[in-house]
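Peer 1: Sharing a structure here in structure tokens format.
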Amino acid sequence: MELAKSIDWIGCVDWDVRDFHSFDVPHGTTYNSYLIRDNKTAVIDAVKVPYISSLLHNIAKKTELAKVDYVVCNHAEPDHTGGLAELLAALPNATLLCNAKCKETLSAYFDTSGWKIQLVAPDTKIALGSRTLTFIDTPMVHWPESMFTYIPEDQILFSMDAFGQHIACSERFDDQYDFKTVIEEAKTYYANIVTPYGKQVQRVLEAAATLPIKMIAPSHGLIWRSHISEIIEKYQHWAGGKYAPKVLILFDSMWHSTAGIAEAIMGGAAQASEKIHVRSLQVRKNPLSRIAAEMLDAAAVALGSPTMNMQMMPQVSAVITYMKGLKFTPKSAIAFGSYGWASVGTNQLDRWIDEAGWTRLMPPIQARFRPTAETLKLAEEAGKKLAQTALRMAES
Ligand code: FEO
């Protein structure tokens, strides 16, 4: 698949992966690699271990392996470097181009003593002939060594993980695939991988704004050529921590008591305004990656758990551990839940709201064994309050 004259996608499609280092990836993914043939030849990014023979096959269809002069490593994570040693061994004349931090990381993963490595920096220019490789350091987007490669003559930005999506497909460009799914997957990708680094993303977007860009070629999923302004706008929105008028209800339940309170909160929130979006997810039935995508732009959140074994339920605990690491923009929140003889789980969630630096809208809503009519009325009122707060936060 050609991006421009003599610039080809030579990556691999992982159709059946559903667990990507613990993320749920319902559409599979791709490991994108690119071949640039000029007076000199360069490969941009490698692939995961099981796909290296496929990558070599794709290179060999276009050129002799001995003609590859450079392999660029934009990012050291193993889904793009697992096959690097084998790739370099098969390319006898290739020099690896990477920044100093990447070399340090690769040396921790591999025995790099026999590798030909040339360090690159933002002022480095690698002339290929009619084209030039230039480099932009993008630290913590999303690893310390991450960088972009840019070809000014073709105005193509090779952005490694940034702007990526986990989608396995035969199509290669954003205008060839269902756009709603592409954006949803880009959002899920951002929420689960890039969220903690919003400030670094904003700096990268400022740097990218100075470049003319005809194409953004990430290392996963579809290449952006028709919707570049839309995905950059989305990244600005997500990195800026902007709120949507959305109430997110996350809970688990044993005998439907906590679930009943969740339903009452949902009803109250949904009735508050036509402008409000309400999402209610029982965490035990939804993957963490989906929960994170919903959390990314939610303004108000209700967290619910019964008490089980004198603790909150384990899947709720997993969710708050995951949310703590992702450092979402602070939400307005309430805790709710049920108990039999000791109220522990809901109070743990209530304390967690404070510890996370979120705004606690009201004391927790609690029910002993089953929610009473008064409790359900209180939950409905809480839903309205969450919705009104979410609308104000989204407008400000
Ligand atoms: Fe696709 Fe951060 O690796």
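The values are calculated or read from the model by the stated rules, or taken from the named source; none is laboratory data. As the structure is a computational prediction, the values presented were derived from the model and not from experiment. Every residue, glycine among them, receives a Cβ derived from its backbone with ideal geometry; neighbour counts consider all protein chains shown. Protein only, heavy atoms only, side chains kept; ligands, DNA and RNA dropped before computing areas. Shrake-Rupley method; radii C 1.70, N 1.55, O 1.52, S 1.80 Å.
Peer 1: Residue under question is Asp79, and the condition is that it be in the same structural domain as Phe20 (by TED's automatic domain parsing), modelled with pLDDT of 95 or more and open to solvent by 30 Å² or more (accessible area, probe 1.4 Å); does it hold? Don't jump to the end; show me each part of the working.
Peer 2: Values: in the same structural domain as Phe20 (by TED's automatic domain parsing): yes; modelled with pLDDT of 95 or more: yes; open to solvent by 30 Å² or more (accessible area, probe 1.4 Å): no.
So Asp79 does not fit the description; no.
Peer 1: Here is a follow-up. What about Asp161, is it modelled with pLDDT of 95 or more, open to solvent by less than 30 Å² (accessible area, probe 1.4 Å) and within 16 Å of the ligand (Cβ to nearest atom)?
Peer 2: Details: modelled with pLDDT of 95 or more: yes; open to solvent by less than 30 Å² (accessible area, probe 1.4 Å): yes; within 16 Å of the ligand (Cβ to nearest atom): yes.
It is true that Asp161 is modelled with pLDDT of 95 or more, open to solvent by less than 30 Å² (accessible area, probe 1.4 Å) and within 16 Å of the ligand (Cβ to nearest atom).
Peer 1: Can you pull out every residue in the stretch 1-32 that is in contact with a strand residue (DSSP E or B) (Cβ under 8 Å, 6 or more places away or on another chain) and either more than 14 Å from the ligand (Cβ to nearest atom) or within 14 Å of Ile156 (Cβ to Cβ) (or both)?
Peer 2: Met1, Glu2, Leu3, Ala4, Ser6, Ile7, Asp8, Trp9, Ile10, Val13, Arg18, Asn32
Peer 1: Just checking, which of Thr329, Thr346 is in a loop (DSSP other than H, G, I, E, B), modelled with pLDDT of 95 or more and of a type in the set (S, T, N, Q)?
Peer 2: The conditions single out Thr329.
Peer 1: With respect to Ser280, is the statement that it is crowded, with 18+ Cβ neighbours inside 10 Å and free of Cβ contacts under 8 Å to residues at least 40 places away in the same chain true?
Peer 2: Working: crowded, with 18+ Cβ neighbours inside 10 Å: yes; free of Cβ contacts under 8 Å to residues at least 40 places away in the same chain: yes.
Judged against the criteria, Ser280 is a match.
Peer 1: For the stretch 62-87, name all the residues that are more than 16 Å from the ligand (Cβ to nearest atom) and over 15 Å from Leu35 (Cβ atoms).
Peer 2: Ala85, Glu86
Peer 1: Name the pairs whose Cβ atoms lie under 6 Å apart, with the first residue in the stretch 179-206 and of a type in the set (Asp, Glu), the second in a helix (DSSP H, G or I) and crowded, with 22+ Cβ neighbours inside 10 Å, and 6 or more positions between them or separate chains?
Peer 2: none
Peer 1: To continue, here is another question. Given the conditions (1) over 30 Å from Arg290 (Cβ atoms); (2) more than 16 Å from the ligand (Cβ to nearest atom); (3) surrounded by fewer than 21 Cβ atoms within 10 Å (Cβ to Cβ), which single one is not true for Cys169?
Peer 2: (1)
Peer 1: Taking the stretch 331-358 as the search range and keeping residues that are exposed (fewer than 14 other Cβ atoms within 10 Å of the Cβ) and in contact (Cβ under 8 Å) with a residue 24 or more places away in the chain, which one is nearest to Arg392 (Cα to Cα)?
Peer 2: Gly357
Peer 1: For the stretch 215-224, enumerate the residues that are touching a Lys or Arg at 6+ places or on another chain (Cβ under 7 Å) and either open to solvent by 40 Å² or more (accessible area, probe 1.4 Å) or not in a loop (DSSP other than H, G, I, E, B) (or both).
Peer 2: Matches in the stretch 215-224: Met215, Ile223.
Peer 1: Taking interchain pairs and intrachain pairs at least six residues apart, which have beta carbon atoms under 7 angstrom, with the first residue in the stretch 145-168 and of a type in the set (Lys, Arg) and the second within 12 Å of the ligand (Cβ to nearest atom)?
Peer 2: Pairs found: none.
Peer 1: When you go through Ala217, Ala168, Ala191 one by one, which is the residue that is at pLDDT 95 or above and in contact with a helix residue (DSSP H, G or I) (Cβ under 7 Å, 6 or more places away or on another chain)? Explain how you work it out, then say what you get.
Peer 2: On the way: Ala217 fails: in contact with a helix residue (DSSP H, G or I) (Cβ under 7 Å, 6 or more places away or on another chain); Ala168 fails: in contact with a helix residue (DSSP H, G or I) (Cβ under 7 Å, 6 or more places away or on another chain).
Selected residue: Ala191, the only one of Ala217, Ala168, Ala191 that is at pLDDT 95 or above and in contact with a helix residue (DSSP H, G or I) (Cβ under 7 Å, 6 or more places away or on another chain).
Peer 1: What residue, among those in the stretch 121-145 that are more than 21 Å from His80 (Cβ to Cβ) and of a type in the set (S, T, N, Q), is farthest from the ligand (Cβ to nearest atom)?
Peer 2: Per the criteria, the residue is Ser130.
Peer 1: Check whether at least one residue in the stretch 146-154 is within 13 Å of the ligand (Cβ to nearest atom), at negative phi, under 22 Å from the mean Cα position of the chain (by Cα) and open to solvent by less than 50 Å² (accessible area, probe 1.4 Å), and report yes or no. Write out each step before concluding.
Peer 2: Filtering the stretch 146-154 for residues within 13 Å of the ligand (Cβ to nearest atom) gives 146-147.
Within this subset, residues satisfying the condition of being at negative phi are 146-147.
In the following step, the residues that additionally are under 22 Å from the mean Cα position of the chain (by Cα) were identified as 146-147.
Still in the running and open to solvent by less than 50 Å² (accessible area, probe 1.4 Å): 146-147.
Yes.
Peer 1: Between Pro212, Pro218, which is within 16 Å of the ligand (Cβ to nearest atom) and within 28 Å of the chain's Cα centre (by Cα)?
Peer 2: Going through Pro212, Pro218 in turn, just one is within 16 Å of the ligand (Cβ to nearest atom) and within 28 Å of the chain's Cα centre (by Cα): Pro218.
Peer 1: Of the residues Gln176, Gln202, which single one is more than 14 Å from the ligand (Cβ to nearest atom) and touching a helix residue (DSSP H, G or I) at 6+ places or on another chain (Cβ under 6 Å)?
Peer 2: None of the others qualify; the one that does is Gln202.
Peer 1: Something else: Give me a count of the residues in the stretch 176-213 that are of a type in the set (S, T, N, Q), touching a Leu at 6+ places or on another chain (Cβ under 9 Å) and closer than 13 Å to His27 by Cα.
Peer 2: 1
Peer 1: Let me ask another. Name every residue in the stretch 13-48 that is hydrophobic (A, V, I, L, M, F, W, C) and buried (at least 22 other Cβ atoms within 10 Å of the Cβ), in order of residue number.
Peer 2: If the condition is that a residue be hydrophobic (A, V, I, L, M, F, W, C) and buried (at least 22 other Cβ atoms within 10 Å of the Cβ), then Val25, Leu35, Ile36, Ala42, Val43, Ile44, Ala46, Val47 are the ones that fit.
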